[in-house]
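Remarks on the structure that follows.
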Amino acid sequence: MANITKKVSWSSRGDESGAAGEETPLLNGSEQSRPLRQMSSGSTVFQIGRLSTVDLEEEITTEEQDSARGRPKEIPHNEKLLSLKFESLDYDNIENQLFLEEERRMSFMAFRCLEISRWVICGLIGFLTGLIACFIDIMVEQLAGLKYRLIKENIVKFTEAGGLSISLLLWAALNSFCVMFGAIIVAFFEPIAAGSGIPQIKCFLNGVKIPRVVRLKTLVVKVVGVIFSVVGGLAVGKEGPMIHSGAVLAAGVSQGRSTSLKKDFKIFEYFRRDTEKRDFVSAGAAAGVSAAFGAPVGGVLFSLEEGASFWNQMLTWRIFFASMISTFTLNFFLSIYENKPGDLSNPGLINFGRFESEAMEYNLYEIPLFIAMGAIGGGLGAFFNFLNYWLTIFRIRYVHRPCLQVIEAMLVAAVNATVAFILIYFSTDCQPLGPDQSEEYPLQLFCADGEFNAMATTFFNTPEKSVRSLFHNPTGTYNSLTLGLFTVTYFFLACWTYGLAVSAGVFIPSLLIGAAWGRLCGILLASTTSTASMWADPGKYALIGAAAQLGGIVRMTLSLTVIMMEATGNVTYGLPIMLVLMTAKIVGDYFQEGLYDLHIKLGSVPFLHGEAPATSHWLTAREVMSSPVTCLNRIEKVGTIVDTLSNTSTNHNGFPVVVQVSGDDEPAKLCGLILRSQLIVLLKHKVFVELARSRLTQRKLQLKDFRDAYPRFPPIQSIHVSQDERECMMDLTEFMNPTPYTVPQDTSLPRVFKLFRALGLRHLVVVDDDNRVVGLVTRKDLARYHVGKHGLEELLLAQT
Amino acid sequence: MSLHRYNLGLLLIILNIYSLGLIDALNATASDSAANPLQAPSDHSHGSSAVVSSPVYKPAVDSSYWINLLSSFPDDLEFSEYCTELLRLFGQRYVAFVNCLVPAARPVRVCQNCSPGYSSLSEVFLNISSDKLGPANESCRDSILRSDRLMLVFLLYGSLDTIWKKSNCKQCVTTDLTGPNNDTLYYLTLLNQTITCFEKYKEGNHTELCKNCKNAYKGLNDLYSGMEKNSTLCIDLEDSMNMTRKLWSKNFACSLPREETIPVIAVSSFMLFLPIIFYLSSFLHSEQKKRKLIHPKRAKSHTSLMNIQDKQS
C-alpha cells in the first residue's frame, strides 16, 4: 500500500494548497476493509422490467440501427431542441455529513453574521449596479453627443455647399465603426453577452446554468458593448443589458472573489454555492431594473415574475433593499454629473418625464379606446416576434461565424443611418423651434430658417430622448405622415436589430414604436371629432401606445405595469396601463409567444415553466425518466469513477450511490446521491481508503474544499490518476447526500414537475418498491414535453 | 403698528423726503410727477439729507363715497398720508408703463420703448415693499400689500413683472435700463442693413434678392445664432429675426433647394443593397449549422412521441 502512495503522481493543476497538502493526502475513507466489488458500468445497468427485447437491442446498438434506418443524425437548428450544454443549478442543499459537521461547529452568532452579511451584499449589489448604470448613461450621452454634433456640423455645411451624400456616408461610417467595435467584442470574446440578457437571466433564475453568463468578462463586454451599440445608432436600448449587468454583479459580489481575476477576498465564503448565489442574482436583476427605469418596486416584481421560483418574505425585503439602493445611487451620481448635487430627480436611465398636466388626465370613456390600442399592440407585437423568430432561425443556421456576425451588425448600423437619412431628407414636415429648446440636435436642412425637420427629432437622437419627446412635445410637433413613416421603418429596423451579436435591449425600441403609433392614434382621434382636441392629448396616447407595444412584444404583466407606473410617476395611470397590457398579452399570446420565451426556446434551453404541460397526467415517472442509470457503489473503485466521469458520451452529473445488502445476487439498494463536482474534488484531494491507512496525520476534507473549487470545477481530464491508484477505493459515505428525493415509478409527470419547480431539484431518483434505482429524472427529461400545435410534443436532445 | 398718532384729526402732515439722485431726466414718469405738488419718496439711506415739507392733503377730496366709508374707521387703522402718496405714484407709473406696452405689442418693441417705464415702476414698488421704515417710523408694506385678501397692488405689479421677465428685456438694455446696450445696437445696425437690402431688391425677380442680400442676411443670422447660444436675446430681437427669416424663407423663397436627390438616392440604394447581398451570400455559401441529435437513454423506446399520440388517440 505504501508503494502506491510513493508512486502517486498528481498533476493537480488547480490545487495550490501547498506542499503540506500534497504530502498529507486528505482522508475521509473509513478504515474498514470491505470486499471491494467492482461494478463496471455494464453491470450497474439496471434494466427495467417493462423493457421489451426490442428496446433492449436498440439500447445496445443504437449507432448501427440509426445508420441502418437512414435516420438523420444531424438536423438543422430549430426550436424543438434541447441542448446538452445546459445544466441545472443545484438549488437543493446537500445535507451530507460534512455539512452537518459544519453546522454543528457554527455558533449562533455566526448565523447572525451570515444574515447581516446578506444585507451588506445586497447593499453592495445595489450600489455597484447604480454606479454601472451611471457610467453607461454618461458614456452614452457624451459619445452620442460627440457623434451627433459631428454629423450635424457636416450636414449643415453640405446643405449649403452641396454633397449631402457625403454626410450620409459619414453618418453610416460612424455608425458602422461604433457597432463594429461593439460587435467584435461580443462575437469574438463573449457571445453570451449578445442581446438584452433578459432571457439568459430568466433561465438562470429558473435554475438553468447558462455557461459563462455571470462572469466578470461577460459584464465588461456587456457594458462596453451596450455603450457602443447605442452610440452606433442601432435601434436598441440600454435597459435590458442593465438587468444582466446587475445580475452579474450580484453573482460576483456575493462570492467575495473573482475567478477570472484570480482574486479571492476570503469573504462571503459561505455563499459559494448555487442556492445562495441564485438568491443574490435575483436581487441583482431587480437592482438592474430599478436602475434602468427608476422603478424599485417594479424591479422586485420583475424578479418575482420572471425569475425566482423560490421566494420568501425576507428575500423579497432584501431584494427591495438592493433595488432602492441602486436607484438612489444612480440618482445621486447623476445629480453630481449634472452639477446639481443632492437633487435626486433622475431615478432611472430612462426618464419618462412627468405626466401631470391637466390634459394628461383620462376619462372613463377613453378606457375602451385604450383597450383597443392594447389589442393593436398585441397584434403588432406578435408580428414583431414572428418576424424576429424567422430571422433568428436564419441567423443561427447561416450567420453563425463571428466575422459574419460582425459584418451583419455593421450593415444593420449602416442601413439604420441610411434609412434615417432618406426619411429626413425627403421629409417636408417643418416645425418651428420651440422656445424651450427641447431638441438637442435640431436639423434644419431644407426647412425655412427658424424651423427644424420634425423627422430628424425622432431619428437624429438617442432612442431614449426620442421617446421622451414623443411623450411630451406639445400637440402639433409631429404631423401624422411623419409618425406613420417613422413607426413603419422603426418597426422593421428594431425587429432586424434584435438578435444581432451586439449587446442591446429591446425595451426602448418597443416603447419608441409604440409611442409613435400611439401618438398617431391621438392625433387621428383629435382630428375626427372637433371637440376631441380637448381630451385627446397625443402625449397620453403615446404612453398608452408604448405600453401596448412593449406588452405585445415581451408579454410581461405585473412587473411591466408597475415599471411603467413608476417610470411615469403617476399612479392614476395604473388602471389603463394594466388593461392595455392585459389586452396586449391576450391578443399576442393568441398568435405567438413573447420575445424572450421565443429566444429561450430557440436557444434550446431546458426551461421549466410554472406548470407542467396540460393533459400530461397520464405520463408517469417511468416514461419520463432516463434509464438505465449509472450508479456507484458506496465504496467504489477509483478506476471505475474515473472511467465513468471520463465517458464523453454520457455527461452525467449526478450518480445514485447504492449499497449491496447481502450477497452478490441481490440488486443493490439506493443509499444516497453524489454529484460529479464532488467526485472531482474528492479525486483531486485523493481521498482514498488505502491512503488513509498509510497516514498517521489526517486532515479531514471540509466543506470549504468544495466551496473553493466552486463554481469552476476542473474537468476530469485535468486530473491524472496513475495505474496504481486506479486500484484504490473511495468511500463516498461522508460526501454523498444521504437523503435524496425519490419518487415511485407511477408518479405522474405533473407531480414530478411540481417537485422540481418547488424544491429546485436537479436529480430525482425513481425507485421501485424495494428502494432499488430504476431511473433518474433530470430537468431535461421534464423540459422536453411541451404543448405544441398537435397536443403534447416532445423535444429532441441535441449537441450544440 | 408704528403709525404716527400725533396731529390727530387735524391737518395731515406727510413727511416727504427728497432724494436728489432719484429724479431722473430720462425718466418720463418721474418728470410727470415732478409737476405735482407731491414728491417721490426715497429710500432711507438718504434719510439724513431729508427735507421735511408739509403739503396739505385731504384724503376725502378726490375720492368717491367708498373712501368716505373708509374714512369712518378709527384713526389708528387709517392709512397714512405717506402710503397714500406712494400708492398714487404707483398708479401713475403703472398707467404710463401700460400705455407704453400696448402700442409696442406688434411689432414687438417692448424692450426698446418701455424699459425706462419699468425701471421707474419697479422703483416705486420697491419702496412700497421694502420693510425699512419711512419717515415717522412707518412702513407701507403691510398696509398696502398685505392687508386684504385681494392684494391688488401685488397682483398688478406681479402681472407686469411677469411680462417683463418673459420678454427677457434685461439681456438687451443697459444695466440702468435706460437704453439698448452695445450688442443690441450692433444687431440693429445689421438688421437695418438687411432690411434696406430687402427693400432695394424687393421689386422684380427674387433670385436677384437672394443673391445680393445673402451676405447681409447671413451675417445677421450668424450674429443671431451666436447671441442665441450666449442667451443674450430679448423678445425684440427674437421677433425681428423671426420676421426677417420669414421674409427670407417664405416671401422671397430663398431657402436652400433640394438639389442632390439623385446622388443621395444612388448612395442610399447602394447601402440598402449591401445587406441583401450579404444575406444571399451567407445563405448560399455558408454551410448550414446542423445539430447532432443525441439519443437519450430511456426505459421506453425513442419513439415515445409516437406513443404519446397513440395514447392520446
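The values are calculated or read from the model by the stated rules, or taken from the named source; none is laboratory data. As the structure is a computational prediction, the values presented were derived from the model and not from experiment. Note that we place each Cβ from the backbone using ideal geometry, even for glycine, and neighbour counts take in every protein chain shown.
Taken over the stretch A:399-411, the criterion of being facing chain B (nearest Cβ under 7 Å) and crowded, with 20+ Cβ neighbours inside 10 Å is satisfied by A:399, A:407, A:408, A:411. If you filter the stretch B:236-249 down to residues that are farther than 12 Å from residue B:187 by Cα and within 17 Å of the chain's Cα centre (by Cα), you find that the one that is nearest to the other protein chains (Cβ to nearest Cβ) is B:242. Within the stretch A:654-669, the residues that satisfy the criterion of being part of a strand (DSSP E or B) and surrounded by fewer than 22 Cβ atoms within 10 Å (Cβ to Cβ) are A:659, A:669.
Out of B:126, B:150, one residue alone is outside any loop (DSSP other than H, G, I, E, B) and modelled with pLDDT of 85 or more. It is B:126. Within the set A:292, A:322, A:286, the sole residue that is buried (at least 24 other Cβ atoms within 10 Å of the Cβ), within 15 Å of the chain's Cα centre (by Cα) and in the same structural domain as residue A:216 (by TED's automatic domain parsing) turns out to be A:286. Residues that are among the hydroxyl-bearing types (Ser, Thr, Tyr) and not in a helix (DSSP H, G or I) within the stretch B:269-289 comprise just one, B:286.
Does residue A:687 satisfy being of a type outside the set (Gly, Ala, Ser) and either without any contact (Cβ under 8 Å) to a residue 12 or more places away in the chain or surrounded by 21 or more Cβ atoms within 10 Å (Cβ to Cβ) (or both)? Spelling it out, residue A:687 is indeed of a type outside the set (Gly, Ala, Ser) and either without any contact (Cβ under 8 Å) to a residue 12 or more places away in the chain or surrounded by 21 or more Cβ atoms within 10 Å (Cβ to Cβ) (or both).
For (1) more than 23 Å from residue A:155 (Cβ to Cβ); (2) modelled with pLDDT under 85; (3) at the interface with chain A (Cβ under 10 Å from one of its Cβ atoms), each residue gets a yes or a no:
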position: B:230; (1), (2), (3): yes, yes, no
position: B:234; (1), (2), (3): yes, no, no
position: B:251; (1), (2), (3): yes, yes, no
position: B:257; (1), (2), (3): no, yes, yes
position: B:260; (1), (2), (3): no, yes, yes
position: B:264; (1), (2), (3): no, no, yes
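For the stretch A:163-191, a residue qualifies if it is surrounded by fewer than 22 Cβ atoms within 10 Å (Cβ to Cβ) and either of a type in the set (Asp, Glu) or touching a Ser or Thr at 6+ places or on another chain (Cβ under 7 Å) (or both), and exactly one does: A:190. Within the stretch A:142-162, which residues are hydrophobic (A, V, I, L, M, F, W, C), within 11 Å of chain B (Cβ to nearest Cβ) and crowded, with 16+ Cβ neighbours inside 10 Å? Passing the criteria: only A:158. Checked against the criterion of being outside any loop (DSSP other than H, G, I, E, B) and at pLDDT below 90, the candidates A:623, A:611 yield just one match: A:623. When the stretch A:205-241 is filtered for residues that are surrounded by fewer than 24 Cβ atoms within 10 Å (Cβ to Cβ) and of a type outside the set (A, V, I, L, M), the ones remaining, listed by number, are A:209, A:211, A:212, A:215, A:217. Residue A:651 falls short on exactly one of the conditions (1) within 26 Å of residue A:755 (Cβ to Cβ); (2) crowded, with 20+ Cβ neighbours inside 10 Å; (3) not aliphatic (A, V, I, L, M), and that condition is (2). Is it true that some residue in the stretch A:79-89 is within 14 Å of chain B (Cβ to nearest Cβ) and in contact with an Asp or Glu (Cβ under 8 Å, 6 or more places away or on another chain)? For the stretch A:79-89, residues within 14 Å of chain B (Cβ to nearest Cβ) and in contact with an Asp or Glu (Cβ under 8 Å, 6 or more places away or on another chain): present.
Filtered by the rule that a residue be β-branched (Val, Ile, Thr) and either under 25 Å from residue B:175 (Cβ atoms) or surrounded by 15 or more Cβ atoms within 10 Å (Cβ to Cβ) (or both), the stretch B:199-237 gives B:232, B:235.
Restricting attention to the stretch A:763-800 and to residues that are at the interface with chain B (Cβ under 10 Å from one of its Cβ atoms) and not in a strand (DSSP E or B), the residue that is surrounded by the fewest Cβ atoms within 10 Å (Cβ to Cβ) turns out to be A:790.
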